[in-house]
1. Please determine, in degrees from 0 to 90 and to the nearest 10, the orientation of helix 109-122 with respect to the longest principal axis defined by the Cα atoms of the chain, where the helix direction is its Cα long axis.
2. Spin-label point model (7 Å from Cα, Cβ direction): what's the residue 359 to residue 72 distance in nm?
3. What do you get when you divide the Cα radius of gyration of the chain by 2.2 N^0.38 Å, with N the number of residues?
4. Hey, in the GNM for the chain with a 10 angstrom Cα cutoff, which one of 31, 307, 329 fluctuates hardest?
5. Relative contact order of the chain: what whole-number percent is it, with Cα pairs under 8 angstrom and at least 6 residues apart?
6. Can you tell me which of 265, 273, 130 moves the most in a GNM of the chain? Springs connect C-alpha atoms under 10 Å apart.
7. Looking only at the chain, where both bridge partners belong to it, what percent of the DSSP beta bridges are antiparallel (to the nearest 5)?
8. Springs between alpha-carbon pairs under 10 angstrom, Gaussian network model over the chain: which of 315, 333, 247 fluctuates most?
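FYI, it's all coordinate maths here, none of it is from the lab. The model shown is predicted, which means the values in this text are computed figures rather than measured ones. Cβ atoms come from the backbone with ideal geometry, glycine included; neighbour counts cover every protein chain shown.
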Ligand SMILES: Cc1cc2nc3c(=O)[nH]c(=O)nc-3n(C[C@H](O)[C@H](O)[C@H](O)COP(=O)(O)OP(=O)(O)OC[C@H]3O[C@@H](n4cnc5c(N)ncnc54)[C@H](O)[C@@H]3O)c2cc1C
């Protein structure tokens, strides 16, 4: 049922209730409680969500959103290091002890996202289950068409639609595309803790055509992903489980982690490409999270970046509504562009550390 508030229009319409959209809604409710905010989400279209390893700096952001205690009580897996065989055969530990908060986490992603969205609703954002299909300028700002769920007017729209980057697609905004990385992931039931190095960590292992990642996740499950470029994935024919398993069998560190696990579904693909839309959105629409820029999962920065951008966007939008000050929006985009440039530098340095297959296209493209 539609609420009167939505029928009458809202100040801020947020497309997508992932970490970015929910963080923006929570923060707006905290700093500008009189604003009418709608948080719309299409609902889940795939059985599993990817993106579960978060480094220690996640905690101060959650504290800032008032969610620190709820997060700690939610039974996500604490994690103290990652292990990687990158640039050499042996696993090397990357401990979190240099961080002030030295605990990272492997998340139950559904529970984590729900915690954020529920908090946004509790603080006053109107939840709406709807798929946004199109938007157009109107007297109030923007008219948002959600198909059978209705049409809504908003003075400001936040695009938090994740990698689907809905609004750039609708508005034909070009992006800077860096690569065509894809993840080919299999989720497993993990009946017992494997007797192998890295059983309690996130493990990364590079190979000629890309790299592997595996981590145990809450609910006695484990995820393993083969990361490569889309064209290479087609050549490897890894969409069938036997072929995917054959490549897994060639790994030195990932395979022992999976040996006693039972696959829950065939391999599924996710885009994991690096891409940036920068400041190309028209006035009255702000992109946040993966919708504005997406990072290589190697960085483990996606979720933190999504929450951070949601926070910063909320400050810029509050300045606009409370003080009629549009400069925060330009500052926000400048910050997002600087963040993306810094990420590209780190990404390049990291990939250059792996020099064992300099002629292989996957590595050659990144050196
Ligand atoms: C393979 C892979 C592994 C990753 N691993 C990690 C990791 O270990 N650690 C990490 O920090 N990050 C990781 N990431 C990145 C991380 O998942 C994302 O950066 C993060 O989810 C971005 O949050 P978001 O809120 O911007 O978008 P999302 O979490 O994608 O949320 C977008 C929301 O928008 C909704 N939506 C989309 N279109 C519409 C529409 N038309 N109408 C209404 N709603 C819509 C969706 O239903 C969804 O709920 C990984 C990504 C990939 C692809």
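1. 10 degrees
2. About 5.6 nm separates the two model spin labels.
3. 1.01
4. 31
5. Averaging sequence separation for qualifying contacts and normalising by length gives 21 percent for the chain.
6. 265
7. Of those bridges, close to 70 percent are antiparallel.
8. Maximum among the listed residues: 247.
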